[in-house]
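Below is one structure; the comments refer to it alone.
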Amino acid sequence: MSDSLQIGIVAGGPIEKIPNLNDYPWINYWIGVDHGALYLASHRMEIDLAIGDFDSISQAEYETIQTHAKKVKQFPSDKDSTDLELAIDESIELKAENVSIFGATGGRLDHAWINMFLLKKLAHANITAKLVDRQNQLSLHYPGVYSIEKEQQYPYVSFLSITEQVEDLTLEGFRYNLNAETITFGSSFTVSNECVEKKCTYSFSKGILLVIKSRD
């Protein structure tokens, strides 16, 4: 295993949306966010850090978290950041190389939306990051050249601009390739593509791109 820090964050979203965490053996540091820490404890997984205001759990459940976590950081309920943002700030401070976030989708829409946009904070810190559930994998990117491998688990790939526009979007190895196209915020033009080669590449020169890999 690499000595680099590969962080897994488990938030308090619907547990039925959380994939089997044993499928991510490369993660070497686990952060449980509020009720997500209880999820890790109940699955007998090591908790390196439990963080949040813990207002969604009982005193007995909090004591269970304290028993299983190496470190607990509790914050007041009245604060300026969500519990997940606090965990992301910790990941940045720890200088993580990669962050995978689970339990952050499938519940309240306001939480799901801000959780997607919190990926920007990690991208700005040059940390590779993604939101993962049983049906989707989301990542956010600044201009550059990127590659993805063909995956049976997530066969569909969508490219969405979260800025007014993304310029010079080029797709190679996909079912629908593009050459230096401009896509705009709110357009469905680049939804539901597929990587048909063993490895596909995409690049763009301006804007911020949300990449969603998904399955039915």
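A few comments on the model shown:
- Listed by first and then second residue, the pairs linking a residue in the range 175-190 that is part of a strand (DSSP E or B) to a residue that is surrounded by 14 or more Cβ atoms within 10 Å (Cβ to Cβ) and aliphatic (A, V, I, L, M), with Cβ atoms under 6 Å apart and 6 or more places separating them unless they lie on different chains, are Leu178/Leu169; Leu178/Leu171; Glu181/Leu169; Ile183/Val166; Ile183/Leu169.
- Filtered residues of the range 179-192 (kept if surrounded by fewer than 19 Cβ atoms within 10 Å (Cβ to Cβ) and at negative phi): Asn179, Glu181, Thr182, Thr184, Phe185, Ser187, Ser188, Phe189, Val191
- Residues of the range 15-53 classified as loosely packed, with under 14 Cβ neighbours inside 10 Å and within 15 Å of Asp89 (Cβ to Cβ), total: 0
- Test: Ala87 is in the same structural domain as His35 (by TED's automatic domain parsing), assigned to a loop (DSSP other than H, G, I, E, B) and modelled with pLDDT of 95 or more: no
- Subset tally (residues that are part of a loop (DSSP other than H, G, I, E, B), under 15 Å from Ile7 (Cβ atoms) and in contact with a helix residue (DSSP H, G or I) (Cβ under 9 Å, 6 or more places away or on another chain)) for the range 94-141: 6
- Any pair with Cβ under 7 angstrom, 6 or more apart, that starts in the range 44-66 at a residue that is assigned by TED's automatic domain parsing to the domain that holds Tyr29 and among the charged types (D, E, K, R) and ends at one that is surrounded by fewer than 16 Cβ atoms within 10 Å (Cβ to Cβ) and not in a loop (DSSP other than H, G, I, E, B): Asp53/Gln74
- Failed item, numbered, when Ile31 is tested on (1) in a strand (DSSP E or B); (2) modelled with pLDDT under 95; (3) of a type in the set (Val, Ile, Thr): (2)
- Scanning the range 133-165 for residues that are among the hydroxyl-bearing types (Ser, Thr, Tyr), over 18 Å from Val196 (Cα atoms) and either buried (at least 17 other Cβ atoms within 10 Å of the Cβ) or touching an Asp or Glu at 6+ places or on another chain (Cβ under 6 Å) (or both) yields Ser139, Ser161.
- Residue match in the range 54-75 (condition: at pLDDT below 95, part of a loop (DSSP other than H, G, I, E, B), more than 19 Å from the chain's Cα centre (by Cα) and buried (at least 21 other Cβ atoms within 10 Å of the Cβ)): yes
The values are calculated or read from the model by the stated rules, or taken from the named source; none is laboratory data. Just so we're clear, the structure is a prediction, and the values are computed from it rather than from any experiment. Note: ideal-geometry Cβ built from the backbone for every residue, glycine included; neighbour counts use all protein chains shown.
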